[in-house]
Amino acid sequence: IDQLYVSNGINVKCGVAIWLKKDKVTNIQQTFKDNEGRMLVIDCVYKLTNLRIINIYAPNLEKERKAFFKYLQPWCTLNTLVFGEFNTVQTTMDISANNVFRTDTSRSVLQHLIRDNIAGKRSWSSR
C-alpha cells in the first residue's frame with residue numbers, strides 16, 4: 001500500500017507532498033511539516049540505507065527565499081534528497097533567450113547549501 005504525506009498551508013497557492021511505495025521503503029516517519037505548505041521532511045530506509053526526503057516550495061520573494069534556504073540547511077543531513085520548486089535560476093543556461101539573468105541573493109545561499117552538503121561539511125555561517 002502506498003502512503004501519501006502532505007504539508008498544506010492556509011494559502012491555496014502553497015503545498016507539498018511525498019508519495020512513497022511501502023514495498024520500496026521502510027521505517028517511514030514524517031519528521032517535519034511546516035504550517036505554510038512550504039516544506040515536508042520524511043525519514044525512511046531505502047535499500048538498507050537511512051534516507052531523508054525533503055520536498056520544498058520556496059517563496060517567490062528573494063528575501064523570503066534566502067531566509068528559507070538558510071532555514072533548510074539544518075534539515076540536510078547525510079543521505080538527504082531535496083526536491084521541489086526552488087523558485088530561483090542557478091545559471092544562465094536555465095533561462096530562455098527572452099529572459100534576463102537577474103541578481104538573486106538567494107542563489108548564493110542555495111549554492112553554499114549544495115556545496116557544503118556535497119563536500120560533507122557541516123559548518124554554516126551567515127552569508
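Values as computed for the structure displayed
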read-out: Any hit, region 92-100, residues being more than 21 Å from Ser7 (Cα to Cα), hydroxyl-bearing (Ser, Thr, Tyr) and modelled with pLDDT under 95; value: yes
read-out: Conditions (1) touching a residue at least 24 places away in the same chain (Cβ under 8 Å); (2) over 26 Å from Leu4 (Cα atoms); (3) loosely packed, with under 14 Cβ neighbours inside 10 Å: number failed by Lys66; value: (3)
read-out: Single unsatisfied condition, Asp43 versus (1) among the acidic types (Asp, Glu); (2) part of a loop (DSSP other than H, G, I, E, B); (3) touching a Lys or Arg at 6+ places or on another chain (Cβ under 8 Å); value: (2)
read-out: Looking only at region 20-32, and only at residues there that are part of a strand (DSSP E or B), in contact with a Phe, Trp or Tyr (Cβ under 9 Å, 6 or more places away or on another chain) and at pLDDT below 95, the one that is nearest to Thr77 (Cα to Cα); value: Thr31
read-out: Unique match (being more than 15 Å from Ile114 (Cβ to Cβ), surrounded by 15 or more Cβ atoms within 10 Å (Cβ to Cβ) and among the polar types (S, T, N, Q)) among Asn60, Asn35, Asn8; value: Asn8
read-out: Options Thr103, Thr49, Thr26, Thr88: the member that is closer than 21 Å to Arg115 by Cβ, of a type in the set (S, T, N, Q) and exposed (fewer than 15 other Cβ atoms within 10 Å of the Cβ); value: Thr103
read-out: The listed residue being part of a loop (DSSP other than H, G, I, E, B) and in contact with a helix residue (DSSP H, G or I) (Cβ under 6 Å, 6 or more places away or on another chain), out of Phe69, Phe101; value: Phe101
read-out: Residues satisfying the stated conditions in region 45-91, i.e. over 18 Å from the mean Cα position of the chain (by Cα), among the hydrophobic types (A, V, I, L, M, F, W, C) and either modelled with pLDDT of 95 or more or on the phi < 0 side of the Ramachandran plot (or both); value: Val45
read-out: Residues (within 15 Å of Ile114 (Cβ to Cβ) and aliphatic (A, V, I, L, M)) located in region 66-77; value: Leu72
read-out: Residue satisfying all of: in region 11-23; closer than 17 Å to Phe86 by Cβ and without any contact (Cβ under 8 Å) to a residue 60 or more places away in the chain; surrounded by the fewest Cβ atoms within 10 Å (Cβ to Cβ) among these; value: Lys13
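The values are calculated or read from the model by the stated rules, or taken from the named source; none is laboratory data. This is a predicted model, so every value here is computed, not measured. So basically every Cβ, Gly included, is an ideal-geometry build from the backbone, and we count neighbours across all protein chains shown.
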